[in-house]
Amino acid sequence: MRVLIKEKEYFFENNVQAVEQMIELINTSISTSGLLFSHVIVDGVEIFADPARYISENLNNIELVKVHLVTPTEYLYDLLRTGKEYIGGAIVQLPLLVDEFYNVPTSDSWIKLSQLTEGIQWFQQTALFIQEVRSLPKWAAGIQDVFQFASILSQLEEAVNQEDSTMIGDIIQYEILPRFEDISRILVEIDENEVENGC
């Protein structure tokens, strides 16, 4: 199989040992370039999570693997685009979820709450990324605070442990929804500035 990394081409056998060598090569490219791993495109299919597993499972048929490495700022913009897509749908759904918890939550309500918690944790991880990477634009520090959900997650965990559906509804209504609306406004502003500045 052919592997493209930063416009360089490498050739590997289609076997398990080659997958390990390829991952090692990718890691070396990351550490020497200061870039971050974004995703791979394997014969036209974009893989963002666990590329080694996907490649190992489809090893016999793979011809071309393109490795996409990006700058920290590009990576942040990708994260923010993902966040913007998620939050638009979440803002529409949250009032419905509030109603469910103010009435009688079903098993489906609890599944939705779990998905909401995963979304909130994603914002927390993004805030951590912003905190750890020093080479980001100055405006990134400003969004780090609004992506912090530690105290809200703590309140939510307490309400879930107490099985207090009214408290869960209150937290979604008065804590999470307003924060999501703030994040949505900020992400729209960043998107507009990105277009204006030609980023």
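The values are calculated or read from the model by the stated rules, or taken from the named source; none is laboratory data. None of these values were measured; they are calculated from a predicted model. No Cβ is skipped: glycine too gets one built from the backbone with ideal geometry, and neighbour counts run over all protein chains shown. Remember, those area values only see protein heavy atoms, side chains included, never the ligands or the DNA or RNA. Shrake-Rupley method; radii C 1.70, N 1.55, O 1.52, S 1.80 Å.
How much mean residue ellipticity at 222 nm does the chain get from its helices, if each DSSP H run of length 4 or more adds -39500 (n - 2.57) and you divide by all residues, to the nearest 500 deg cm²/dmol?
Working: 8 runs with 130 residues, N = 199.
Taken over the chain, the calculation gives -21500 deg cm²/dmol.
Considering only Leu113, Leu25, Leu79, the Gaussian network model of the chain with Cα springs below 10 Å gives its largest mean-square fluctuation to Leu25. Applying the criteria of a DSSP loop state and at most 10 other Cβ atoms within 10 Å to the chymotrypsin sites (Phe, Trp or Tyr not before Pro) of region 11-108 yields no site. Computed over the Cα atoms of region 52-155, pair by distinct pair, the Kirkwood hydrodynamic radius stands at 16.6 angstrom. In plain terms, the chain from Glu175 to Glu20 could stretch by 51.3 nm, reckoned as 0.36 nm per residue minus the Cα-Cα distance. Atom-type composition of the exposed protein surface of region 31-186 places 50 percent of the accessible area on carbon and sulfur (1.4 angstrom probe).
Cβ-Cβ distance of Val104 and Thr73, R₀ of 30 Å, FRET efficiency by 1/(1 + (r/R0)^6): the value works out to about 0.05. Just in region 85-172: which trypsin sites (Lys or Arg not before Pro) are loop by DSSP and have at most 14 other Cβ atoms within 10 Å? Loop-located and lightly packed - Arg134, Lys138. In this structure, Asp164 and Asn27 have a Cβ-Cβ separation that, at R0 = 41 Å, corresponds to a calculated FRET efficiency of about 0.35.
Under 19 Å from a label point set 7 Å out along the Cα-to-Cβ vector of Arg134, the amide N atoms of region 66-80 belong to 71-74, 76. Taking Rh as the Kirkwood radius computed over C-alpha pairs, what is the Stokes-Einstein D of the chain at 10 °C in a medium of viscosity 1.306 mPa s, expressed in µm² per second? Taking Rh from Cα pairs, D becomes 82 µm²/s.
Determine the per residue accessible area of region 1-145 with all protein chains present and a 1.4 angstrom probe, expressed in square angstrom. Could the numbers behind the result be given before it?
On the way: 8520 Å² over 145 residues.
Spelled out: the 1.4 Å probe surface of region 1-145, per residue, equals 59 Å².
Each residue was assigned an accessible area with a 1.4 Å probe, and for Glu85 the value is about 150 Å². Remark: relative contact order (the chain) = 19 percent; criterion is Cα-Cα distance under 8 angstrom and separation of 6 or more residues. Candidates Tyr86, Ser107, Ser31 compared by Cα position along the dipole of the chain: farthest toward the positive end lies Ser31, with charges placed on Cβ.
Counting only protein heavy atoms and using a 1.4 Å probe, the accessible area of Leu153 comes to about 40 Å². With the whole protein complex present, Thr28 retains an accessible surface near 70 Å², based on a 1.4 Å probe. Which residues does the label zone of Glu9 cover in region 40-83, counting backbone N under 19 Å from a point 7 Å along Cα→Cβ? Residues passing the 19 Å test: 41-45, 62-69. Testing the spin-label approximation: label points 7 Å from Cα along Cα→Cβ at Asp145 and Asn61. State their distance in nm. Placing both labels 7 Å beyond Cα along the Cβ direction yields 5.1 nm.
May I ask you to derive the relative contact order of region 1-109, considering only C-alpha pairs under 8 Å and at least 6 residues apart, and to give it as an integer percent?
Values: 113 pairs, mean separation 30.5, N = 109.
For region 1-109, the relative contact order is 28 percent.
For region 107-199, take the alpha-carbon Rg, divide it by the Kirkwood Rh, and send me Rg/Rh. Write out the running numbers ahead of the final one.
Working: Rg = 15.5 Å, Rh = 14.7 Å.
Across region 107-199, the Cα-based Rg/Rh ratio is 1.05.
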